[in-house]
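Here is the structure we will look at.
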Amino acid sequence: MAADLLQRFHPQIEKFVDAVLSNEGFGVCGELPKVVDPKTSVSHPCAAIRACDRFKVLIPYAGRKLKWEVIFSQTQPDFPPDFIFGSQDLEFVPDIRELKSLENWDANDPQSLLKLIKELIGQYKEYQRKQVEHMPRINFEYTTLEADSKYPDFEVHVMKGQQASDIVVNFMIKLPVDLSDVPPYMIKECPGEDMACLFVSYASMNGDNVTPTLLLSPRVERAFGGSSSLRIPHWGGVHGCLLEYLPLIQELFEAKVEQVCQAYQKRREYVAAFLSAFGSSILEYDAEGFMKLSLLFQVQGFFCIVHIELDRNFPQEAPAFYIQSIYHEKNNQPYEKLETGYPYSPRWSGDEMAERARSFLMETIPAFKESSLHNAKF
């Protein structure tokens, strides 16, 4: 898709667009920009000619997309572009004296446009800072956050409506997250950055209408067992502030990592106990995540397989026991039954869980044998 887009641009402009699309990302969340609406300044371009010399670039910033129009001239492709910053940013007037990439524009350097955009974003960030200087509550949040070294990467954005009172201020704050203790198997298939951001939206300037939202990279979400497993704290109302709320999120992260690690250790202990107690009966087991194991049982001359599946929240969630006949089938599948009503306590050691499971299975398998004879077929 990107290749098709680039083919529409004038050959001497294409390289600038390609560099923008190929960069590592913008903003505290490292999102990739997009290029849309390529157009040409030529009145009647030939269909065979690559004529596009202007476009809009969507730049991730503080939870929204800045839509800036970039205007080159294919009659003078060595000249730097003009910018139109959109209806939301009519008051944003960059100081061209501070734009070194514009002053030293190099038409032979594919990175020239990217460098210029980054300098403009730097000035835009300062423009947004000045916007909140006249909002006492929001300025307090900004200045205290800026003075705190724990959260150096953040952006603020002021969105103004038609009425003077229609103002929404958004903060996007990058949070430190440490997954070094998380079992490697959980995140090995999910490369990328360990990234978490807190998006906080102020719909009123006195702090009585604040909505926090947690954004996680796929790798962090995978480590935490999915975004639904994280319930972020409630905002502290009109008296809440960012520097009181952010440590609560950090505590949530640390508690979640500890929970994930403890659950992994408990599952490993559980499987090790079964390997010790049923060594010759073990058919297979998950030696990486310790999420399941299978055993071959013989009771009163009847053979069956017991599949044990563990939940990520083990030991709080009891394992599931599936007893499967090796003789019978139902609906063209091996006949099996899920057993849930067995004695269980998350406080037991792995050895006690294994011994309790042995006693339960010895009592249950004869009944399963009769059930398989009546409900299945050979």
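The values are calculated or read from the model by the stated rules, or taken from the named source; none is laboratory data. Small disclaimer: the values here were computed from a predicted structure and weren't measured. A quick note on method: Cβ atoms are made from the backbone with ideal geometry, for glycine too, and the neighbour counts reach across all protein chains shown. In case anyone asks, the SASA skips ligands and DNA or RNA and just uses the protein heavy atoms, side chains included. Shrake-Rupley method; radii C 1.70, N 1.55, O 1.52, S 1.80 Å.
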### Task
Using Cα positions and a limit of under 27 Å, work out the lysines in reach of Lys67, with same-chain residues fewer than 8 apart set aside.
Lys15, Lys34, Lys39, Lys56, Lys100, Lys115, Lys118, Lys125, Lys130, Lys160, Lys174
### Query
Any idea what the dipole of the range 281-328 comes to, in debye rounded to 20, about its Cα centre with Lys/Arg Cβ at +1 and Asp/Glu Cβ at -1?
160 debye
### Summary
Counting only backbone N atoms under 18 Å from a point 7 Å out along Cα-to-Cβ of Ser22, the residues of the range 86-130 in range are 106-118
### Query
Points 7 angstrom from Cα along the Cβ direction at Ser359 and Thr211: gap in nanometres?
5.4 nm
## Note on the structure
With all protein chains in place and a 1.4 Å probe, Thr40 shows an accessible area in Å² (nearest 10) of 50 Å²
### Charged-residue dipole, Cβ positions (Lys, Arg, Asp, Glu), the chain about Cα centre, Debye nearest 20
800 debye
### Task
Could you work out which residue, out of Ile326, Ile173, Ile249, moves most in a Gaussian network model of the chain, that is, has the largest mean-square fluctuation with Cα springs under 10 Å?
Ile326
### Task
Quick one: go through the range 231-253 and flag any residue whose amide nitrogen is under 12 Å from the point 7 Å out along the Cα-to-Cβ line of Ser204.
237-239
### Query
Lys292: which lysines have alpha carbons under 28 Å from its alpha carbon, excluding same-chain residues fewer than 8 sequence positions away?
Lys188, Lys256, Lys266, Lys330, Lys337, Lys369, Lys377
### Task
Apply the Karplus parameterisation 6.51 cos²θ - 1.76 cosθ + 1.60, with θ equal to phi minus 60°, to every residue of the range 336-347 and state each ³J(HN,Hα) to the nearest whole Hz, in sequence, with x for glycine and proline.
8, 9, 8, 10, 10, x, 9, x, 7, 9, x, 7
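Is the C-alpha gyration tensor of the chain telling us rounded, prolate or oblate? Criteria: a/c under 1.5 is rounded; beyond that, a/b larger than b/c is prolate, otherwise oblate. Numbers along the way, then the final one.
On the way: a/c = 3.43, a/b = 2.06, b/c = 1.67.
Because a/c hits 1.5 or more and a/b exceeds b/c, the chain counts as prolate.
Run the helix sum for the chain: -39,500 (n - 2.57) per DSSP H stretch of 4+ residues, divided by residue count, reported at 222 nm to the nearest 500 deg cm²/dmol.
Calculated from helices alone, the mean residue ellipticity at 222 nm is -10500 deg cm²/dmol.
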### Query
Which whole-number percentage describes the relative contact order of the range 249-332, with Cα contacts under 8 Å and a sequence gap of 6 or more?
21 percent
### Task
Please report, in debye to the nearest 20, how large the charge dipole of the range 47-91 is about its Cα centre when each Lys and Arg carries +1 at its beta carbon and each Asp and Glu carries -1 there.
300 debye
### Query
Which helices count as membrane-span-like in the chain under these terms: full DSSP H, at least 30 Å along the axis by C-alpha, Kyte-Doolittle mean of -1.0 or more?
112-132, 242-277, 350-375
